[in-house]
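K.L.:
Shown below is the structure under consideration.
The values are calculated or read from the model by the stated rules, or taken from the named source; none is laboratory data. This is a predicted model, so every value here is computed, not measured. Virtual Cβ from ideal backbone geometry, glycine too; neighbours counted across all protein chains shown. For accessibility, only protein heavy atoms count, side chains too; no ligands or nucleic acids. Shrake-Rupley method; radii C 1.70, N 1.55, O 1.52, S 1.80 Å.
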Amino acid sequence: MILRSYARNISTEAPNSTIIEDVKFSNLRTMDTKTFDEYMDVLKDLYIIENISAWNPNIRSKTSIRTSETRHFVDTSIACRELNISLKDLMGDLNSFGLFFEDFANRDLSIYASTLNGEIRHY
């Protein structure tokens, strides 16, 4: 259920509380933030999800404090499978298509940037 909610919030800055509430609602179970954080660590260690940190040009700017990570998958097809969507579904919903495309583009940019010892940030 975490992956499904994560896929629903792909390429957004949805807070952890949103995903926790989705899991609680869909499973009729409780989940505390410690358990959620442990699951997220495992998903990162398994190279399923990879959040992109915010970019901040100024050291003392409030923006860096107010901006959270953007939620991304290492492979966009995992999100598509979790939501059971196809290309036809995405073409019928161009707003969602844009979010999935952003996730896909970030994956490729991350690969290219890593060859130059670079990193991807969102603004």
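K.L.:
Which one of Phe73, Phe97, Phe101 is of a type in the set (A, V, I, L, M, F, W, C), more than 19 Å from Met1 (Cβ to Cβ), under 14 Å from the mean Cα position of the chain (by Cα) and modelled with pLDDT of 90 or more?
P.N.:
Details: Phe73 fails: more than 19 Å from Met1 (Cβ to Cβ); Phe97 fails: under 14 Å from the mean Cα position of the chain (by Cα).
Checking each option against the conditions leaves just Phe101.
K.L.:
Can you tell me which residue within region 1-58, out of those that are without any contact (Cβ under 8 Å) to a residue 24 or more places away in the chain and β-branched (Val, Ile, Thr), is farthest from Phe104 (Cα to Cα)?
P.N.:
Among residues in region 1-58 that are without any contact (Cβ under 8 Å) to a residue 24 or more places away in the chain and β-branched (Val, Ile, Thr), the one farthest from Phe104 (Cα to Cα) is Thr30.
K.L.:
I'd like the residue in region 86-108 that is of a type in the set (D, E, K, R) and touching a helix residue (DSSP H, G or I) at 6+ places or on another chain (Cβ under 9 Å) and, out of all such residues, is least open to solvent (accessible area, probe 1.4 Å). Steps first, please.
P.N.:
Kept after step one, since they are of a type in the set (D, E, K, R), are these residues of region 86-108: 88-89, 93, 102-103, 107-108.
Checking which are touching a helix residue (DSSP H, G or I) at 6+ places or on another chain (Cβ under 9 Å) leaves us with 89, 103, 107.
Values: Asp89: 78, Asp103: 1, Arg107: 73 Å².
Filtering region 86-108 for residues that are of a type in the set (D, E, K, R) and touching a helix residue (DSSP H, G or I) at 6+ places or on another chain (Cβ under 9 Å), the one least open to solvent (accessible area, probe 1.4 Å) comes out as Asp103.
K.L.:
While we're on this one: Going residue by residue through region 21-28, is there one that turns out to be within 16 Å of the chain's Cα centre (by Cα), surrounded by 16 or more Cβ atoms within 10 Å (Cβ to Cβ) and either at pLDDT 95 or above or farther than 24 Å from Phe97 by Cα (or both)?
P.N.:
no
K.L.:
Out of contact with any helix residue (DSSP H, G or I) (no Cβ under 7 Å at 6 or more places or on another chain), assigned to a loop (DSSP other than H, G, I, E, B) and open to solvent by 40 Å² or more (accessible area, probe 1.4 Å): is that true of Ile111 in this structure?
P.N.:
Here the answer is no, as Ile111 does not meet what is asked.
K.L.:
Does at least one position in region 100-111 carry a residue that is of a type in the set (Ser, Thr, Tyr) and over 22 Å from Asp45 (Cβ atoms)? Can you show your working first?
P.N.:
Within region 100-111, the subset of a type in the set (Ser, Thr, Tyr) is 110.
With the extra rule that they be over 22 Å from Asp45 (Cβ atoms), the set shrinks to none.
For region 100-111, residues of a type in the set (Ser, Thr, Tyr) and over 22 Å from Asp45 (Cβ atoms): absent.
K.L.:
Have a look at Ala79, Ala54 and point out the one that is surrounded by 15 or more Cβ atoms within 10 Å (Cβ to Cβ) and within 16 Å of Arg4 (Cα to Cα). Quick ask: steps written out before the conclusion?
P.N.:
Working: Ala54 fails: within 16 Å of Arg4 (Cα to Cα).
On inspection, the qualifying residue turns out to be Ala79.
K.L.:
Within region 66-76, how many residues turn out to be within 19 Å of Ser17 (Cα to Cα) and surrounded by 21 or more Cβ atoms within 10 Å (Cβ to Cβ)? Explain how you work it out, then say what you get.
P.N.:
Quick first cut of region 66-76, residues within 19 Å of Ser17 (Cα to Cα) only: 66-73.
Still in the running and surrounded by 21 or more Cβ atoms within 10 Å (Cβ to Cβ): 70-73.
Residues flagged as within 19 Å of Ser17 (Cα to Cα) and surrounded by 21 or more Cβ atoms within 10 Å (Cβ to Cβ) within region 66-76 amount to 4.
K.L.:
Oh, and also: Scan region 70-123 residue by residue and report those that are of a type in the set (Val, Ile, Thr) and in contact with a strand residue (DSSP E or B) (Cβ under 6 Å, 6 or more places away or on another chain).
P.N.:
Looking only at region 70-123, we keep the residues that are of a type in the set (Val, Ile, Thr), and these are 70, 74, 76, 78, 85, 111, 115, 120.
Those that are of a type in the set (Val, Ile, Thr) and in contact with a strand residue (DSSP E or B) (Cβ under 6 Å, 6 or more places away or on another chain): Thr70, Ile120.
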